[in-house]
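Bear in mind that the values in this text are calculations on the coordinates, not laboratory data. Because the structure is a prediction, the values reported are computed rather than measured. All Cβ positions, glycine included, derive from the backbone under ideal geometry; neighbour counts span all protein chains shown.
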Amino acid sequence: MKAFQFVCLFGLFINWSGLVHPQEVEILPKRQQIFLTPNTALDRVQQEHSTEAPIVVSQDELDQLIDCKGGGACPISAALIASQGLRAMAGLPVDPQPHRTALRVFRDKPELLLGRISNDRFVNLIAYLCADFQEMSTAISVLSAPNSPHSALEPKWSETDGPDLSVKHGEMKVLAYTVTTADGTVRGRHFVLLKENNEGKLSILNPGSPLKQRFFLVEYRGVPTAAKQRVFFVVPDGLDKSKQTYELNTIFTVRFLTDDADGSTDDASRVETIKGKIDLLADRLRSSGELTSPVAWRSGGAAFGLPGIDLPVEVGGGGYSASEAIELFRHAGRINLNLRDVIGGAHGRPLTKSSTALSQDVLRKLVAGEAYVAVAITEPTAGTDMKAMKSKAVRYEAGFKLTGRKLWNARLRQATHVVLYTLAADSKDGERSAFLIPLDHPGLKVVDRYAHGLTGNSFGGLEFDDMFVSRDHLLGEDGDGGEIFNEHFQYWRLMQAAAAIGCGEAALDQMAERIKTREAFGAPIGRFTHLQQPIGEYLTKLRMAMSLAREAAQMIDNGDYEGATPLVNGLKAEGVEIALSACDAAMRAHGAMGYSRETDLGDRVRDLMGLRIADGTTDVMRMSVVSEKYGSDLWKMAIYGVRDTDTNIPKDKLQPASAE
Ligand SMILES: Cc1cc2nc3c(=O)[nH]c(=O)nc-3n(C[C@H](O)[C@H](O)[C@H](O)COP(=O)(O)OP(=O)(O)OC[C@H]3O[C@@H](n4cnc5c(N)ncnc54)[C@H](O)[C@@H]3O)c2cc1C
């Protein structure tokens with residue numbers, strides 16, 4: 001099973017207090033940590049609970065607090081009990097006042113009072129509760145039934161093998177199943193905790209009666225080619241007279257992360273761990289009104305290595321591959337497209353190609369979350385057509401004098417440095433050079449413009465006339481700018497596409513939720529199936545885009561930049577456009593609310609509209625895909641216009657007739 005979403009990571013430390021008795025634990029192979037099984041841990045919690053010291057919050061106690069239509073008491077109680085079980089599992093003291101914790105949960109997450117706990121909300125709730133486990137690392141994964149209506153993007157279990165219902169030390173599973181009455185009415189989902197699996201007989205803890213022992217028998221249903229497609233729970237010995245059916249829908253697995261012998265967490269989980277930390281930081285910055293501030297993200301994210309995550313280990317970075325980074329960009333885009341700027345070194349990545357003292361210093365500060373690098377290429381009269389660039393470099397004593405104008409550049413007001421492109425000093429065929437310059441460099445003036453979207457960053461330009469920069473500021477050699485640009489933007493466009501995909505996916509999640517709950521003419525608007533169609537269409541298209549993005553990332557990781565080019569350019573175009581269509585559909589399905597600030601859908605649309613221009617426009621990216629596949633003739637035809645019928649030379653490239 002592939003981990004989907006993680007919650008919190010701190011250092012590793014076992015606190016031998018609380019409910020755990022050392023002689024009863026087992027040392028697991030290759031691990032230094034010691035954990036109980038869910039059965040032992042939950043037994044402890046059940047046994048320790050008393051009226052005088054109530055450590056279990058039952059579903060009934062929460063029912064009154066939650067919107068009667070919402071039915072969310074059971075997952076919240078399940079999450080609170082799971083967190084107590086996890087504490088017991090790891091030897092942490094149990095929460096002595098879980099009822100107070102419940103009130104804190106409702107204060108910090110008031111949306112839970114509405115009930116209707118989606119998978120995302122449940123994961124976020126667990127993440128929130130696990131944040132209290134000081135010094136312990138946990139991860140959550142979500143696995144859904146192939147037919148689950150609650151899962152948009154999570155992995156589904158194999159229809160032939162069925163879901164993993166095993167129990168392990170250091171791992172707690174919460175099972176959500178759909179309850180359907182004899183007449184076919186779906187009553188909603190119920191959440192229980194899995195204690196033990198004895199050859200298909202499950203011992204569970206039910207938040208409705210949390211101190212009692214309950215059992216289910218597992219029954220698989222499907223077709224011969226997919227025998228374990230559906231999983232039903234049956235109460236043994238005919239004890240259930242309700243005639244309801246219980247169909248397993250989702251498995252939430254919370255597990256403690258442990259260090260391997262070499263001190264590193266396993267590969268699959270490190271990405272998920274960072275996702276969990278991103279979620280926690282997002283919560284914090286949302287509450288301080290800084291969610292879209294790249295500067296706040298960079299300084300806050302430095303605590304867990306976020307600004308250097310895709311920089312080489314040698315410079316203090318995380319050394320994450322492109323394949324890992326796309327997952328983080330996608331995750332960041334789900335939260336807000338402004339977060340396209342907060343994962344990894346971003347426009348500071350090309351500095352790794354330079355060995356100057358300045359570059360090394362900026363890289364160090366980048367990793368520490370103190371530096372932030374902008375890029376200035378576009379000029380008032382040179383956007384797509386970079387060959388029309390006028391900014392120039394002139395050699396001058398121990399450096400260069402730079403003169404030019406830049407416009408439509410993002411983040412100049414937030415950044416500490418800028419990678420500035422000019423024509424090379426020795427340019428013969430329009431070669432360019434790239435310079436790393438502090439934004440407070442003498443002679444560099446920032447000008448401001450207004451942008452409709454991606455407002456976490458500024459928008460504007462630069463003015464510089466005969467501005468002296470020493471040789472230390474040049475990245476690579478004079479004339480290396482084209483190469484630096486190509487390699488960097490290959491990576492960057494792919495990451496931007498991944499962020500766009502995440503942005504679109506999260507809008508579809510909102511849309512699915514809305515059409516289930518918003519009523520018009522006496523029933524949910526989801527019955528108007530034209531509102532469901534775009535979800536199916538864009539979900540699939542976004543999945544296709546993500547799968548292509550993974551292929552391209554793999555190529556980049558293998559050093560095959562050339563092979564990745566058409567995929568990346570195509571993705572920059574289509575990933576953004578599909579996401580834009582998805583957000584537009586989600587916005588429309590929300591009616592007036594979608595157009596208001598009560599949802600973030602308008603921002604998503606606006607931000608994606610910016611991204612369809614930034615880093616290479618959709619049109620131009622598509623043209624490059626055509627050119628890659630069918631040769632440069634079509635590109636030249638577009639660029640140079642009509643050909644002369646006699647010479648077959650583009651008319652505007654014809655040399656004037658000679659004097660003779
Ligand atoms: C939000 C945002 C952030 C940005 N951030 C930065 C930044 O940080 N640094 C920076 O240097 N620049 C930045 N840009 C500028 C961006 O890179 C340029 O806007 C982009 O390259 C297009 O250039 P242009 O605006 O001059 O449009 P033009 O090149 O004038 O294009 C105008 C229109 O013509 C179309 N077009 C042009 N050529 C072709 C062609 N060959 N085939 C088909 N269609 C074509 C384009 O698609 C577009 O629709 C940013 C832009 C935006 C919107």
Looking only at lysines whose Cα falls under 25 Å of Lys212's and that sit 8 or more positions away or on another chain, we get Lys168, Lys173, Lys195, Lys201, Lys241, Lys243
Length gained, Glu487-Tyr396, 0.36 nm per residue minus C-alpha separation, equals 29.9 nm
Cross-link reach from Lys406 to lysines, straight Cα distance under 17 Å and at least 8 residues apart if same chain, gives Lys387, Lys390, Lys392, Lys445
Taking 353-366, 290-303 and ranking on average Cβ neighbours within 10 Å, highest first, one gets 290-303, 353-366
Relative contact order as a percentage, the chain, C-alpha pairs under 8 Å and 6+ apart, gives 10 percent
In degrees, nearest 10, the alpha-carbon axis of helix 357-367 is tilted away from the dominant principal axis of the alpha carbons of the chain by 20 degrees
With T = 4 °C, eta = 1.567 mPa s and Kirkwood Rh from C-alpha pairs, the Stokes-Einstein D of segment 309-454 in µm²/s is about 78 µm²/s
When all Cα-Cα pair distances of segment 380-422 are considered, the percent exceeding 15 Å is 52 percent
From DSSP H assignment alone, runs of 4+ in the chain each adding -39500 (n - 2.57), the sum over residues rounded to the nearest 500 puts [θ] at 222 nm at -12000 deg cm²/dmol
Here the alpha-carbon Rg of the chain over 2.2 N^0.38 Å rounds to 1.09
Relative to the chain, whose Cα atoms define the longest principal axis, helix 618-630 and its Cα axis are tilted in degrees, nearest 10, by 80 degrees
Relative to the compact-globule estimate 2.2 N^0.38 Å (N residues), the Cα gyration radius of segment 261-371 stands at a ratio of 1.03
In degrees, nearest 10, the alpha-carbon axis of helix 73-90 is tilted away from the dominant principal axis of the alpha carbons of the chain by 90 degrees
Rounded to the nearest whole number, the Stokes-Einstein translational diffusion coefficient of segment 505-598 at 10 °C and 1.306 mPa s (Kirkwood radius, C-alpha pairs) in µm²/s is 108 µm²/s
Expected unfolding gain across Ser596-Glu477 under the 0.36 nm per residue rule, minus the alpha-carbon gap, is 37.8 nm
Checking segment 60-139 for GluC sites (Glu not before Pro) in a loop per DSSP with at most 15 other beta-carbon atoms within 10 Å yields Glu135
Relative to the compact-globule estimate 2.2 N^0.38 Å (N residues), the Cα gyration radius of segment 494-556 stands at a ratio of 1.41
Note on segment 148-227: contact order normalised by length, alpha-carbon pairs under 8 Å, 6 or more apart, percent, works out to 20 percent
Expected unfolding gain across Leu211-Val234 under the 0.36 nm per residue rule, minus the alpha-carbon gap, is 6.3 nm
Per the 1/(1 + (r/R0)^6) rule, R0 = 56 Å and r from the Cβ atoms of Asp619 and Glu314, FRET efficiency to 0.05 is 0.90
Scoring segment 505-641 by relative contact order with C-alpha pairs under 8 Å, at least six apart, yields a percentage of 24 percent
The answer for the per residue Cα convex hull volume of segment 301-354, in Å³, is 72 Å³
Shape call for segment 162-228, from the Cα gyration tensor axes a ≥ b ≥ c (a/c under 1.5 means rounded, otherwise prolate when a/b beats b/c, else oblate), comes out oblate
Hydrodynamic radius by Kirkwood for segment 136-185, inverse mean 1/r across distinct Cα pairs, in Å, is 13.2 Å
Shape descriptors of segment 199-254 over alpha-carbon atoms, Rg and Dmax in angstrom, are 12.7, 40
With Rh as the Kirkwood radius over Cα pairs, segment 370-465 has Rg/Rh of 0.97
